[in-house]
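Shown next, in structure tokens, is the structure this report addresses.
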Amino acid sequence: MLQLHNGEAQVMLDTPGFIEVTPTADIKVTRHGNRAKCLQRLIRMGLPVPQTVALPFRTVRDIADGKMPDLATLISLFDGQPMLLSLRSSSETADWGGPNAVLNIGMNDKAHAWLSNTLGDVAADKLYLRFIRSFAIDVMRLDEEPFLEAQTPLEAREIFEAEVDDPFPQAITDQLAAVLRSMARAWEGTSARLLRQAQGAPADAGLGLVVQRMAQGMGPGQSGSGIVQFVNPNTGEPQVTGRYLGQAMGRDALIDRDKAIYLTRDARGPSLQDLLPEVYRELLEVGEACRKRLREEMQVEFTIDQGRLAILDAVRCPREARASVAIAASLARDGVIPRSEALLRVAPGTLSHLLHRQIDPRAKRTVLVRGIAASPGAAVGKIVFDSAAAQASQSRDEACILVRRETTPDDVRGMHAAQAVLTERGGSTSHAAVIARGLGLPCVTGATGLRISGTKRRVTLPDGTILREGDEITVDGSSGEVLAGAVATQEPAIDGAFGDLMKWSDDVRDIGVRANADTVADATLSRTFGVDGIGLCRTEHMFFDSGRLTVMREMIFAETPSDRAAALERLLPMQRDDFTELFQLMSGLPVCIRLLDPPLHEFLPSENEGIRALAEALDRPLSEVKARIEAMQEYNPMLGMRGVRLGIALPEIYEMQARAIFEATVAARAAGAQTMPEIMIPLVTARREVELVKRRIDAIATAVREETGQDFDYRVGVMVETPRAALRAGEIAETSAFLSFGTNDLTQMTYGLSRDDAGRFMSAYVNEGVYPEDPFRTLDVDGVGELLLLGAQRGRKARANVTLALCGEHGGNPESIAFCRLAGFDYVSCSPFRVPVAKLAAAQATLLGGPKGGHPAD
Ligand code: PEP
Ligand code: MG
């Protein structure tokens, strides 16, 4: 059938293409959308929902293509005088959005006259003016200004008619057709498509629509509308929150907050509870019923029509990270949902918001520059440009932000003293990022728009503004933004709900989660989060303490083996004490200690002041010390004299470390601890390296056993972080109790991409779709992942009980954890602050990921 409308030919559908929402109607989320289904549930619960009709995705698609359903039949389903309808979107998932609601479709001269008689002129004028405005602006896309200026329906109609050169449509079918067409087309528009795809919607996601009879919140007696939810949106604690506004509709009560009243009795002003106690009680019952039957905390839109309550809509109530955890846990505790479902309802990344201070979501943000969100949390402080200034700030009890071009081990002191770190260079696994995550310090790296001059002690922003030492900024490591001034922040929230989620994750997950922990503080925090052990203790971090750094430097500068032995002799008790403390703290759990890994020159000073101090300590001329430092520089230190190469070329260092580990094992046991030491060899490329180092470690163990008369067990394993080690994992596993994949270096070497420089171009690469994600953040399952699978297969073939682990930064990434689980890994290890995220992600992967180790073999 053809119908002419506004000069456009309209093809009508042969089948109705819509369905009334009744308790038994065949309404499906996948066909009619989430809102339609939710309304059906409310109707089934016996709530006073106005009559509703749902249009499925297919019909809306047809409407966008110019095929209109039979609107006369649709409208004939409704009763009531005057006939006024609302139209709302109903996408499959609420987060995918949809066009705004249009209310009071059917408003025309006749309805206006009727309403003038029943509700009075004021209400009738208000309704008509509002509808003309919304029809003109939202549906016909006319300029809004003249319509907002119009004071009466007549004025608005005249403006409309002048603009479109046609009378304002009076027939409800014409009005409804225009609104349907506009909504259907808006959904197909590019910007709407991009927005919903960013929320995870598939490219062909459909839109459903719901037509509902208007329950007027205007007229005589007590009429109005409001919004209510039953939990606090920030904390998730039970609390009736919302507003009610007399003589209003839709979400007016939230917009016109000055005139709206409270719901619950409140000393600050009038409330619905005082005004209409019965209706208030009914609302509380609605909240309770929704929670139980819809198994969710809902936000409910309601109307009071001459004292009678109508429920127009209910959506999952909006919530901050902390509230989402609290709500899921409380629903499970009350038996409304199973614990497994509570675990699946919280996105793992949400937990990191709870562990750190966050920017208050209500605060105003002025972004100065953007970089990589390298370590989550927010901090406010005054800019400092080096460690000395950071330490000086700390001694004055002044919060500071360490701003560096990039950080080196020399800056670790400053990082300890600062509240956050900002670097111009670097990516998500650069030095600053790794250390900051370990310290739980907010960090933004790769803020390439900055120009930092440490000597002039100033930083130039992308717009040319200059900030100086002492100026206050806010770093948001969760979003990668640096904000102007001191922005309000919120405290971390490690509460009962968080603890419940952690415990339930432990009950479910079938892959271990250990922590990368180097210090007592790290280990203590990890234990608080309930880790399964330490998966990576980077021993080099133990030498950056100022007392030890000098001895370390003396060791590096030693010219003869006996000089080196003397310096190592002094380092031994320090390391032994570190390990003893760590073993005691982690009693009952394995602790995996990595032998020294970084190039030695990283321990040497780079600035004049430090070089002079070293010259004094060594009692050598400054020029000689400078020359030695220069001589130790390498063209490509990340591929140079580091890792196991140190162990082969300068075996005394690893021998000292092995002795410290074994002596600490004996000491910790004597103090009552159950120790399970593991020794890990870094940057291995060949079986022979492992054989040589392991032989020496075993010899030291024998010596310590003899000297102390104590027996102990230990395991020696390998860090698989070079592509060759992954490929040769079979023969390497023959002498290794475990293979722990160091995916930071493995990613760097597989891609040939520097961890420290990738930040410069990574965003361009991701934006251009060269890489789907930053591979230092999310494991590249195609390339690096293939090496992991190969290494795991070959390792397990050679030694069936070899422990498989991942200890790069990917250990805290949910997708990477799911990959490791499917590859049959025993555990992942990540920064202490990522442990809760990893545990929840591991539980989710166990619940959803199919059989462990079930990765399809190639
Ligand atoms: C790695 O390379 O993945 C790793 C864990 O070691 P590091 O980050 O200390 O090089
Ligand atoms: Mg490494």
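The values are calculated or read from the model by the stated rules, or taken from the named source; none is laboratory data. Everything quoted here is computed from the prediction, not taken from an experiment. Heads up, the Cβs are rebuilt from the backbone with ideal geometry, glycines too, and the neighbour counts pull from every protein chain shown.
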Consider only pairs whose beta carbons are under 7 Å apart and that are at least six residues apart or on different chains; among these, list those whose first residue lies in segment 151-177 and is on the phi < 0 side of the Ramachandran plot and in contact (Cβ under 8 Å) with a residue 40 or more places away in the chain and whose second residue is of a type in the set (G, A, S) and assigned to a loop (DSSP other than H, G, I, E, B).
-> I172/G106; Q175/G106
How many residues of segment 557-595 are over 19 Å from F712 (Cα atoms) and of a type in the set (V, I, T)? The answer is 1
Subset of segment 802-821 (residues that are in a loop (DSSP other than H, G, I, E, B) and away from ligand 2 (no atom under 16 Å from the Cβ)) | V802, N813
Out of the residues in segment 195-206 that are assigned to a helix (DSSP H, G or I) and touching a residue at least 24 places away in the same chain (Cβ under 8 Å), which is surrounded by the most Cβ atoms within 10 Å (Cβ to Cβ)?
-> R196
A729: more than 14 Å from ligand 2 (Cβ to nearest atom) and on the phi < 0 side of the Ramachandran plot, yes or no?
-> yes
In segment 724-748, the residues that are assigned to a helix (DSSP H, G or I) and either under 15 Å from R687 (Cβ atoms) or without any contact (Cβ under 8 Å) to a residue 60 or more places away in the chain (or both) | R724, A725, A726, L727, A729, G730, E731, I732, A733
Do we have R696 as under 24 Å from G640 (Cα atoms), crowded, with 18+ Cβ neighbours inside 10 Å and free of Cβ contacts under 8 Å to residues at least 60 places away in the same chain here?
-> no
Within segment 312-330, track down each residue that is β-branched (V, I, T) and within 13 Å of Q229 (Cα to Cα).
-> V315, I327
Return the pairs, sorted by first residue and then second, in which the second residue is polar (S, T, N, Q), the first residue lies in segment 180-194 and is at pLDDT 90 or above, the beta carbons are less than 7 Å apart, and the residues are 6+ apart or on different chains.
-> M183/S89
Of the conditions (1) in contact with a helix residue (DSSP H, G or I) (Cβ under 6 Å, 6 or more places away or on another chain); (2) away from ligand 1 (no atom under 16 Å from the Cβ); (3) among the charged types (D, E, K, R); (4) over 18 Å from G533 (Cβ atoms), the single one that E602 does not satisfy is (2)
Quick one: which helices (runs of 4 or more DSSP H) sit completely within segment 607-719 and have at least 3 residues that are more than 16 Å from ligand 1 (Cβ to nearest atom) and more than 22 Å from D597 (Cβ to Cβ)?
-> 608-618, 622-632, 651-670, 687-708
Scanning segment 414-445 for residues that are assigned to a loop (DSSP other than H, G, I, E, B) and among the small types (G, A, S), which turns out farthest from A373 (Cα to Cα)?
-> A418
From L47, L87, L42, L74, grab the single residue that is assigned to a loop (DSSP other than H, G, I, E, B) and in contact (Cβ under 8 Å) with a residue 60 or more places away in the chain.
-> L47
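Scan segment 568-596 residue by residue and report those that are assigned to a helix (DSSP H, G or I) and surrounded by fewer than 20 Cβ atoms within 10 Å (Cβ to Cβ). So that I can check it myself, show each step before the final result.
Step one: filter segment 568-596 for residues assigned to a helix (DSSP H, G or I), giving 568-585.
Of everything in segment 568-596, those that are assigned to a helix (DSSP H, G or I) and surrounded by fewer than 20 Cβ atoms within 10 Å (Cβ to Cβ) turn out to be E569, R570, L572, P573, M574, D577, E581, Q584, L585.
Taking G785, is it part of a helix (DSSP H, G or I), in contact with a strand residue (DSSP E or B) (Cβ under 9 Å, 6 or more places away or on another chain), in contact (Cβ under 8 Å) with a residue 12 or more places away in the chain and in the same structural domain as A515 (by TED's automatic domain parsing)?
no
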Given the conditions (1) touching a Lys or Arg at 6+ places or on another chain (Cβ under 8 Å); (2) farther than 16 Å from G250 by Cβ, and given that L85 satisfies all but one, which numbered condition is not satisfied?
-> (2)
Here are R688, R760: which of them is under 21 Å from E652 (Cβ atoms), charged (D, E, K, R) and surrounded by fewer than 21 Cβ atoms within 10 Å (Cβ to Cβ)?
-> R688
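Per-residue answers, yes or no, for (1) touching a Pro at 6+ places or on another chain (Cβ under 6 Å); (2) modelled with pLDDT of 95 or more; (3) more than 18 Å from M249 (Cα to Cα); (4) of a type in the set (V, I, T):
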{"site": "V49", "(1), (2), (3), (4)": "no, yes, no, yes"}
{"site": "R61", "(1), (2), (3), (4)": "no, yes, yes, no"}
{"site": "G98", "(1), (2), (3), (4)": "no, no, yes, no"}
{"site": "M107", "(1), (2), (3), (4)": "no, yes, no, no"}
{"site": "L115", "(1), (2), (3), (4)": "no, no, no, no"}
{"site": "G120", "(1), (2), (3), (4)": "no, no, no, no"}
{"site": "F131", "(1), (2), (3), (4)": "no, yes, no, no"}
Out of the residues in segment 756-775 that are touching a residue at least 24 places away in the same chain (Cβ under 8 Å) and touching an Asp or Glu at 6+ places or on another chain (Cβ under 7 Å), which is nearest to ligand 1 (Cβ to nearest atom)?
-> D756
Segment 743-755, residues that are buried (at least 17 other Cβ atoms within 10 Å of the Cβ) and either more than 23 Å from the chain's Cα centre (by Cα) or away from ligand 1 (no atom under 12 Å from the Cβ) (or both) = D745, L746, Q748, M749, T750, L753
What do you reckon, is I593 aliphatic (A, V, I, L, M) and within 15 Å of ligand 2 (Cβ to nearest atom)?
-> yes
Counting only residues that are among the hydroxyl-bearing types (S, T, Y) and surrounded by fewer than 18 Cβ atoms within 10 Å (Cβ to Cβ), how many does segment 371-407 have?
-> 1
Unique residue being within 16 Å of ligand 2 (Cβ to nearest atom) and of a type in the set (D, E) when the list is D782, D711, D774, D745 = D745
So R322, is it more than 28 Å from Q40 (Cβ to Cβ) and either modelled with pLDDT of 95 or more or surrounded by 23 or more Cβ atoms within 10 Å (Cβ to Cβ) (or both) = yes
Among (1) in contact (Cβ under 8 Å) with a residue 12 or more places away in the chain; (2) outside the structural domain of P682 (by TED's automatic domain parsing); (3) within 45 Å of the chain's Cα centre (by Cα), the one test that N608 misses | (1)
